[in-house]
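Undergrad: Take this structure first; my questions come after.
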Amino acid sequence: MANRFLRPNLVRRFSTVSPVGPPTTVIPEIISFDHQPKPDVDLDLSDQSRLFASVPILNLIRSTAVLHATAIGPMVDIGSWLMSSKLMETTFTRDLVLGIVKGTFYEHFCAGEDATAAARRVRSVYESTGLKGMLVYGVEHAEDGAACDDNIKKFMETVEAAKTLPTSHLSSVVVKITAICPMDVLKRVSDLLRWQYKNPNFKLPWKLNSFPVFSGLSPLYHTTTEPEPLTVEEERELEKAHDRLKSVCQRCQESNVPLLIDAEDTILQPAIDYMAYWSAIKFNTDQDRPIVYNTIQAYLKDAGERLHFALRESEKMKVPIGFKLVRGAYMSSEAKLADSLGHKSPVHDTIQDTHDCYNECMSFLMEKASNGSGIAVILATHNTDSGKLGARKASELGIDKENGKIEFAQLYGMSDALSFGLKRAGFNVSKYMPYGPVDTAVPYLIRRAYENRGMMSTGSLDRQLMR
């Protein structure tokens, strides 16, 4: 695999392009993954009565019904088509469909319609299961500055709701850059950053201090010709976006609440990474606990190298940094766009390559977090093998499970068996809990339905154990 770190007893090089200059060869530090294994931690996912003992029977029945419904492929396809069709433009159909969705899929995957309700759900989940909450307002994208202004108010409400919760109940709050910066501005900034990476002498007068956001494996096919400079209006919108992000970072810093920045498609991700790392440099001033976390998507071929470059720069600048490691959720759209431009998908060619990349990035980050550096890691995974590997790795490294440096996470309503198993093994475990009006949550719910679609999907273990 092109972006793996050094495997045991294997010395190899990254043949790549420097994060800031012409082609070169970067030799990363040697990281050993061949510790002698210690006995496995207690991560038994087979005892369903013990795993789900804290779940009320009515909730268990609803969850079983929802997950079994999403396993029926035609039902997911029809539901997705209906919610995206013109039938939803009629009041009767819209109210009927959203009413059904609210009592079933929405209730299962979402935390409530406003920040206050979501905070109550976080409290309830923690008190019944011991699982923490990640609070996120469920808006996805904004097309103009007015929508961004509305969204940042919601994100600020999220932080205020988080402050009402005991620190033991809450992991973090989440912000989407696509909701606080207009989409067309993010695309333009990403184009200009890509062009500067190709041509290091290309000047970007608006660019602030950040970490590298590209590697030699990064997809650059989105930008084939030199982009026009940002217009005065675009620069103004970008500055406003920086101000919005700055305001929520400041509120999180004052409240000692970690802030996670979500990832998106590669057409937008350079701008998102740029803003995330800029905010980390500015607000991660506590050497023991970073406030700002960026997200690394391990299904991308350049994930390992970009992670290495960003972490190397953070260490050079003595800036603590947090990472949320995920696999990724935009495989179809990435493949479609790349194919339309005559290129291969930036996503790994096989699911096993993605698993390997995730597990190696996970091991790399856990090694870093265990040696006293200013690194904190959220391992977001629904894969039981990765969960078991991470638990075993933490045991091998002697990582303190309670110090907040390492945390596992799953989406609310998914992979509950893994969440409960990791929690019983003594780890901090969180649930990603989006909230907002039902109609706002529809794109999110469609993605969750497709992830659970089919009998061999993400939810198959939970369906089996719940049944």
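Undergrad: Can you run down the residue pairs with Cβ atoms below 7 Å, 6 or more apart or on separate chains, where the first is in region 145-167 and assigned to a helix (DSSP H, G or I) and the partner is open to solvent by 50 Å² or more (accessible area, probe 1.4 Å)?
TA: Correct list of pairs: Gly145/Lys240; Met156/Arg251; Val159/Arg251; Ala161/Thr116.
Undergrad: Something else now. Being of a type in the set (Lys, Arg) and part of a helix (DSSP H, G or I) is the filter; apply it to region 175-200 and report the residue that is least open to solvent (accessible area, probe 1.4 Å).
TA: Looking only at region 175-200, we keep the residues that are of a type in the set (Lys, Arg), and these are 176, 187-188, 194, 198.
If we keep only those that are part of a helix (DSSP H, G or I) too, we end up with 187-188, 194, 198.
On the way: Lys187: 90, Arg188: 49, Arg194: 1, Lys198: 81 Å².
Per the stated criteria, the residue is Arg194.
Undergrad: Could you check how many residues of region 108-144 are touching a Ser or Thr at 6+ places or on another chain (Cβ under 9 Å), part of a helix (DSSP H, G or I) and among the aliphatic types (A, V, I, L, M)?
TA: Selection size over region 108-144: 3.
Undergrad: How many of the residues in region 299-349 are open to solvent by less than 10 Å² (accessible area, probe 1.4 Å), of a type in the set (Gly, Ala, Ser) and touching a Ser or Thr at 6+ places or on another chain (Cβ under 6 Å)?
TA: Summing the residues that are open to solvent by less than 10 Å² (accessible area, probe 1.4 Å), of a type in the set (Gly, Ala, Ser) and touching a Ser or Thr at 6+ places or on another chain (Cβ under 6 Å) in region 299-349 gives 1.
Undergrad: When you scan region 445-467, how many residues do you find that are open to solvent by less than 40 Å² (accessible area, probe 1.4 Å) and either modelled with pLDDT of 90 or more or in a loop (DSSP other than H, G, I, E, B) (or both)?
TA: 4
Undergrad: Here's a follow-up. Could you list all residues from region 202-216 that are within 20 Å of Phe309 (Cα to Cα) and either touching a Ser or Thr at 6+ places or on another chain (Cβ under 8 Å) or of a type outside the set (Ser, Thr, Tyr) (or both)? Lay out the reasoning, then the answer.
TA: Step one: filter region 202-216 for residues within 20 Å of Phe309 (Cα to Cα), giving 207-216.
The answer is Lys207, Leu208, Asn209, Phe211, Pro212, Val213, Phe214, Ser215, Gly216.
Undergrad: Has region 328-343 got at least one residue that is more than 17 Å from the chain's Cα centre (by Cα) and within 17 Å of Asn359 (Cβ to Cβ)?
TA: Within region 328-343, not a single residue is more than 17 Å from the chain's Cα centre (by Cα) and within 17 Å of Asn359 (Cβ to Cβ).
Undergrad: Another one. Only one residue in Leu98, Leu131 is among the aliphatic types (A, V, I, L, M), surrounded by 14 or more Cβ atoms within 10 Å (Cβ to Cβ) and modelled with pLDDT of 90 or more, so which one is that?
TA: Working: Leu98 fails: modelled with pLDDT of 90 or more.
Every option except Leu131 fails the conditions.
Undergrad: Consider Ala376 carefully, then state whether it is open to solvent by less than 20 Å² (accessible area, probe 1.4 Å), under 15 Å from the mean Cα position of the chain (by Cα) and at pLDDT 90 or above. Don't jump to the end; show me each part of the working.
TA: Working: open to solvent by less than 20 Å² (accessible area, probe 1.4 Å): yes; under 15 Å from the mean Cα position of the chain (by Cα): yes; at pLDDT 90 or above: yes.
Against the criterion (open to solvent by less than 20 Å² (accessible area, probe 1.4 Å), under 15 Å from the mean Cα position of the chain (by Cα) and at pLDDT 90 or above), Ala376 qualifies.
Undergrad: Of the conditions (1) of a type outside the set (Lys, Arg); (2) touching a residue at least 24 places away in the same chain (Cβ under 8 Å); (3) surrounded by 19 or more Cβ atoms within 10 Å (Cβ to Cβ), Asp356 clears all except one; give me its number.
TA: (3)
Undergrad: So, one more: So, in region 192-206, exactly how many residues are touching a residue at least 60 places away in the same chain (Cβ under 8 Å) and either more than 17 Å from Ala303 (Cα to Cα) or among the hydrophobic types (A, V, I, L, M, F, W, C) (or both)?
TA: Number satisfying all stated conditions: 2.
Undergrad: Out of all the residues in region 213-272, which are among the hydroxyl-bearing types (Ser, Thr, Tyr), more than 15 Å from Gly145 (Cβ to Cβ) and not in a loop (DSSP other than H, G, I, E, B)?
TA: So the first thing to find is which residues in region 213-272 are among the hydroxyl-bearing types (Ser, Thr, Tyr), and the list is 215, 218, 221, 223-225, 231, 247, 255, 266.
Going one step further and asking which of them are more than 15 Å from Gly145 (Cβ to Cβ), we end up with 215, 218, 221, 223-225, 255, 266.
Passing the criteria: only Ser255.
Undergrad: Against the conditions (1) open to solvent by 10 Å² or more (accessible area, probe 1.4 Å); (2) within 19 Å of Ile446 (Cβ to Cβ); (3) aliphatic (A, V, I, L, M), where does Val136 fall short? Just the number, please.
TA: Of everything listed in (1) open to solvent by 10 Å² or more (accessible area, probe 1.4 Å); (2) within 19 Å of Ile446 (Cβ to Cβ); (3) aliphatic (A, V, I, L, M), Val136 misses just condition (1).
Undergrad: Kindly indicate which of Ser84, Ser80 is open to solvent by less than 60 Å² (accessible area, probe 1.4 Å), within 26 Å of the chain's Cα centre (by Cα), modelled with pLDDT of 65 or more and closer than 26 Å to Asn151 by Cβ.
TA: Numbers: Ser84 fails: open to solvent by less than 60 Å² (accessible area, probe 1.4 Å).
Ser80 is the lone residue from the list that is open to solvent by less than 60 Å² (accessible area, probe 1.4 Å), within 26 Å of the chain's Cα centre (by Cα), modelled with pLDDT of 65 or more and closer than 26 Å to Asn151 by Cβ.
Undergrad: In this structure, is Ser124 over 23 Å from the mean Cα position of the chain (by Cα), of a type in the set (S, T, N, Q), modelled with pLDDT of 90 or more and surrounded by fewer than 20 Cβ atoms within 10 Å (Cβ to Cβ)? Please lay out each step first, then the result.
TA: Working: over 23 Å from the mean Cα position of the chain (by Cα): yes; of a type in the set (S, T, N, Q): yes; modelled with pLDDT of 90 or more: yes; surrounded by fewer than 20 Cβ atoms within 10 Å (Cβ to Cβ): yes.
Judged against the criteria, Ser124 is a match.
Undergrad: Name the residue, out of Lys163, Lys203, that is open to solvent by 50 Å² or more (accessible area, probe 1.4 Å), more than 19 Å from the chain's Cα centre (by Cα) and within 30 Å of Glu402 (Cβ to Cβ). I'd like the intermediate steps shown before the answer.
TA: Details: Lys203 fails: within 30 Å of Glu402 (Cβ to Cβ).
None of the others qualify; the one that does is Lys163.
Undergrad: State the number of residues belonging to region 418-444 that are crowded, with 24+ Cβ neighbours inside 10 Å, of a type in the set (A, V, I, L, M) and part of a helix (DSSP H, G or I).
TA: Residues that pass the stated criteria total 3.
Undergrad: How many of the residues making up region 271-296 are open to solvent by 10 Å² or more (accessible area, probe 1.4 Å), closer than 24 Å to Leu192 by Cα and without any contact (Cβ under 8 Å) to a residue 40 or more places away in the chain?
TA: Of the residues in that region, 1 qualify.
Undergrad: Sort out which residues of region 368-416 are hydroxyl-bearing (Ser, Thr, Tyr), touching a residue at least 60 places away in the same chain (Cβ under 8 Å) and within 22 Å of Arg50 (Cα to Cα), and write them in order of number. Can you show your working first?
TA: Step one: of region 368-416, the residues hydroxyl-bearing (Ser, Thr, Tyr) are 370, 373, 381, 384, 386, 395, 412, 415.
When the remaining residues are screened for being touching a residue at least 60 places away in the same chain (Cβ under 8 Å), the result is 384, 395, 412.
The answer is Thr384, Tyr412.
Undergrad: Just to verify a result, which residue in region 208-226, among those that are closer than 25 Å to Glu239 by Cβ and touching a residue at least 60 places away in the same chain (Cβ under 8 Å), is most open to solvent (accessible area, probe 1.4 Å)? So that I can check it myself, show each step before the final result.
TA: In the first step, residues of region 208-226 are kept if they are closer than 25 Å to Glu239 by Cβ; the result is 208-214, 222-223, 226.
From the residues that got through so far, the ones that are touching a residue at least 60 places away in the same chain (Cβ under 8 Å) too are 208-214, 222.
Details: Leu208: 71, Asn209: 90, Ser210: 22, Phe211: 10, Pro212: 20, Val213: 19, Phe214: 13, His222: 33 Å².
Here the residue is Asn209.
The values are calculated or read from the model by the stated rules, or taken from the named source; none is laboratory data. Keep in mind that this is a model prediction, so the values were computed, not measured. Please note: Cβ atoms are built from the backbone with ideal geometry, for glycine as well, and neighbour counts cover all protein chains shown. Keep in mind that these areas ignore ligands, DNA and RNA; they rest on the heavy atoms of the full protein, side chains included. Shrake-Rupley method; radii C 1.70, N 1.55, O 1.52, S 1.80 Å.
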